[in-house]
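Right, one structure below, let's go through it.
The values are calculated or read from the model by the stated rules, or taken from the named source; none is laboratory data. Not measured: the values here are computed from a predicted model. All Cβ positions, glycine included, derive from the backbone under ideal geometry; neighbour counts span all protein chains shown.
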Amino acid sequence: MESATSQKLTIPYIGDVLLPDNQEIVDRIKRDGISVDIDKINWLEYSFKPIVKLYAGFSEEYLWLSYEVKGDYFRAKALADQESVWQDSCVEFFIFAGGDKGFDNWLGAIYRNFEFNVLGVCLSAVGTKSKRASLSPSEMNQILRFPSIDRNNLPSEGDCFDWNMSVAIPLKLLGIGQGSKFRANFYKCGDLTAHPHFLSWNSINVTIPDFHLPQFFGEVELGKR
């Protein structure tokens, strides 16, 4: 199984972000961060392709990710952290920060996944592909989420809609900081939505949908201040 050509991304320092105003967060990351498209269709049988753009930056404490999605189909069944958010309207971030053997030991790579449905419900774990441990409730509470969707005024399931999701993940939780180099991939999926799809930033070269493959993560670093 060969790894795809890696995309490269340098995420800039954006300074502290004003909380908790979601629109201010989005505007700040768009203005001072960097953007990439999550647009790779890796499996032709899942050809549905909403428009997905990611804006990214980092501050003293957090990695900031803001996903902008247009033309998605609404589903939000997971209501509590660590439930099956990937089946809903979902965006994701996977990171492999290396280890004792650097970035060459894909088989034993210890990586983290962060998956968010449209409500901001998160599933996250750490470990190898075959042995993973869910983050603790205290760790989950450190992950800030800013969904654009109001839980009290949701679209009907199957409705076509636009949405955004901004999240802030503590750098300490990720084991990275200014100047760090790591491998990562960014995703958009919706396994049980009206139009199932599995989009990625960096291409994945396997025959069936699978995001848990660090050998297909792109090259990312946090820039200098």
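Name the single residue, out of those in region 175-225 being among the polar types (S, T, N, Q) and surrounded by fewer than 16 Cβ atoms within 10 Å (Cβ to Cβ), that is farthest from residue 44 (Cα to Cα).
Filtering region 175-225 for residues that are among the polar types (S, T, N, Q) and surrounded by fewer than 16 Cβ atoms within 10 Å (Cβ to Cβ), the one farthest from residue 44 (Cα to Cα) comes out as 178.
Check off (1) without any contact (Cβ under 8 Å) to a residue 40 or more places away in the chain; (2) closer than 17 Å to residue 163 by Cα for residue 108 and give me the number that stays unchecked.
(2)
Given the criterion more than 12 Å from the chain's Cα centre (by Cα), among the aromatic types (Phe, Trp, Tyr), farther than 20 Å from residue 17 by Cα and modelled with pLDDT of 95 or more, identify the matching residue among 146, 116, 198.
198
Does residue 141 count as crowded, with 18+ Cβ neighbours inside 10 Å, over 24 Å from residue 181 (Cα atoms) and modelled with pLDDT of 95 or more?
So residue 141 fails the test.
Each row is one residue, and each column tells you yes or no for (1) surrounded by fewer than 20 Cβ atoms within 10 Å (Cβ to Cβ); (2) closer than 14 Å to residue 187 by Cα; (3) not basic (Lys, Arg).
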position	(1), (2), (3)
34	yes, no, yes
53	yes, yes, no
59	yes, no, yes
76	no, no, yes
91	no, yes, yes
111	no, no, yes
127	yes, no, yes
136	yes, no, yes
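So which residues in region 32-54 are in contact with a Gly (Cβ under 8 Å, 6 or more places away or on another chain), of a type in the set (A, V, I, L, M) and under 13 Å from residue 9 (Cα atoms), if there are any at all?
Once the filter is applied, which keeps residues that are in contact with a Gly (Cβ under 8 Å, 6 or more places away or on another chain), of a type in the set (A, V, I, L, M) and under 13 Å from residue 9 (Cα atoms), region 32-54 yields only 34.
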